[in-house]
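This report concerns only the one structure given below.
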Amino acid sequence: MPKCTNQQLMGAGWGLAQGYQSLSKMSGHPEDGERGLTIFRNEPIDLVVLDYKMPRMLGDEVAREMRRVRRSVPLLLVTAFHDLPTTCTSVFDGVILKGDSPEVLLARIKELLEDDI
């Protein structure tokens, strides 16, 4: 696997090589939570990877709305914040840190998708 960050990994399309398709890449990168929610409401989604700090809405706010719309879709938080309170992270099915390796990200995605079967 190439040495890169999770963000570079997803942006480079490495997930596609693993059999994953990034809807954000197909629809234009959702720069904020509101745009991400629009995509979530209108497209079939198997799993969502969210950042915590985004323009207009925080990741936990977006996740709570996604849970209201479709409870069964796994939600994964990728964040640089090491000390988010449980009130912010409990809505997610998993949390990984931005400094974690791409292997950690892909393993967690695989695990969440397998749990959802």
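Note the full-extension length gain between D115 and T86 as 0.36 nm times their separation in residues minus their Cα-Cα distance, in nm to one decimal.
Details: separation 29, 0.36 × 29 = 10.44 nm, distance 2.19 nm.
Gain on extension, D115 to T86, equals 8.2 nm.
Between R71 and A107, the contour length at 0.36 nm per residue exceeds the alpha carbon distance by 10.8 nm. For the pair E61 and R41 in one chain, pulling the backbone fully straight at 0.36 nm per residue adds 5.7 nm over the alpha carbon distance. Peptide packing for 56-65, 39-48, 88-97 was compared via the average number of neighbouring C-beta atoms within 10 Å per residue; ordered from the highest value, the list is 56-65, 88-97, 39-48.
Every read-out reported here was derived from the displayed coordinates using simple, explicitly stated rules and does not represent laboratory data. The shown structure was predicted, so the numbers you read here are calculated from the model rather than taken from an experiment. Glycine gets a Cβ as well: all are built from the backbone with ideal geometry, and neighbour counts include every protein chain shown.
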